[in-house]
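Written below as structure tokens is the structure these notes are about.
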Amino acid sequence: FVGGLFGIYRVTAAQVELSQKKSDFVSSVSHELKSPLTSIRMYGEILMEGWATDEKKKRYYRYIHDESERLSRLIQNVLTLSRLERKEWQTNLEELDPVELVKELIERLSPQVRRAGFELSAATEGNPLPAKIDRDALTQILINLIDNAIKFSKTAETQKIVLTVSQINSECCVRVRDFGPGIQRQQMKKIFEKFYRVESELTRTTSGTGIGLSLVKMLADSMGAEVDVRNCQPGTEFTVRLKGVSG
């Protein structure tokens with residue numbers, strides 16, 4: 001009888017916790033949508049009214065572009081999460097060169113990353129081979145990991161993010177490292193949980209919805225890859241282990 005009551009308590013507590021996480025998620029998404037929309041509207045109105053000098057116009061156009069990109073990434077994350085949960089995500093594995101994919105991504109993201117105050121660079125170790133990759137999935141994984149690195153290492157002495165591609169036996173590994181404060185050991189197993197946030201909603205100082213890293217895990221699973229994390233000295237490094245073509 002006591003065991004049954006304890007089981008009911010655990011299930012109820014888990015449901016209450018999940019409900020709270022979902023409530024926090026809705027609150028976070030509302031805030032994350034409102035913030036870029038407010039900025040886009042404000043700078044758009046300034047430009048429409050002709051209140052900006054030519055020099056400021058260029059800066060305001062960049063603000064609008066970066067905020068719209070941020071908004072697009074948020075919407076893409078929410079839509080992808082919904083498709084994954086409903087089993088509607090279509091995995092399209094191809095034989096791709098991860099070095100070229102990372103190079104293309106860095107060329108695309110470097111301007112925005114620089115405007116955030118960070119340097120984004122790539123490195124290659126050994127002789128990485130083609131791997132089984134879903135281009136959209138890996139791209140979204142790396143964008144989320146880069147966003148996460150920027151978010152949690154803003155106060156780091158070294159504001160740098162390094163993407164490294166290496167070959168380990170039959171696996172091709174793509175690593176994303178920052179030089180921030182790292183992750184507390186007790187949080188390591190929780191960060192890939194859906195809606196989990198390192199900070200509470202009342203005290204948090206960083207933006208985000210709590211779905212970025214859970215999406216990383218779910219997208220990696222969808223293409224038969226693995227993802228793990230470790231602390232460096234300094235910083236945090238996430239590793240995506242991709243299956244080789246012969247794997």
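The values are calculated or read from the model by the stated rules, or taken from the named source; none is laboratory data. Worth saying up front: this structure is predicted, and the values here are computed from it rather than measured. All Cβ positions, glycine included, derive from the backbone under ideal geometry; neighbour counts span all protein chains shown. Heads up: the accessible areas ignore ligands, DNA and RNA and are worked out on the full protein's heavy atoms, side chains in. Shrake-Rupley method; radii C 1.70, N 1.55, O 1.52, S 1.80 Å.
Identify, please: which residue in the range 173-200 is within 21 Å of residue 73 (Cβ to Cβ) and open to solvent by 50 Å² or more (accessible area, probe 1.4 Å) and is, among those, modelled with the lowest pLDDT? Among those that are within 21 Å of residue 73 (Cβ to Cβ) and open to solvent by 50 Å² or more (accessible area, probe 1.4 Å), it is 198.
Return yes when residue 21 is modelled with pLDDT under 85 and within 16 Å of residue 212 (Cβ to Cβ) and no when it is not. Step through it out loud before you land on a result.
Values: modelled with pLDDT under 85: yes; within 16 Å of residue 212 (Cβ to Cβ): yes.
Yes, satisfied.
Taking the range 215-247 as the range and being in a helix (DSSP H, G or I) and open to solvent by 30 Å² or more (accessible area, probe 1.4 Å) as the test, the residues that pass are 217, 218, 221, 222.
Of all the criteria given as (1) at pLDDT below 90; (2) of a type in the set (A, V, I, L, M); (3) within 25 Å of residue 242 (Cα to Cα), the one not satisfied by residue 106 is (1).
All conditions but one from (1) open to solvent by less than 80 Å² (accessible area, probe 1.4 Å); (2) assigned to a helix (DSSP H, G or I) apply to residue 52; the one that does not is (2). When the range 56-81 is filtered for residues that are touching a residue at least 12 places away in the same chain (Cβ under 8 Å) and either surrounded by fewer than 12 Cβ atoms within 10 Å (Cβ to Cβ) or more than 20 Å from the chain's Cα centre (by Cα) (or both), the ones remaining, listed by number, are 60, 61, 62, 63, 64.
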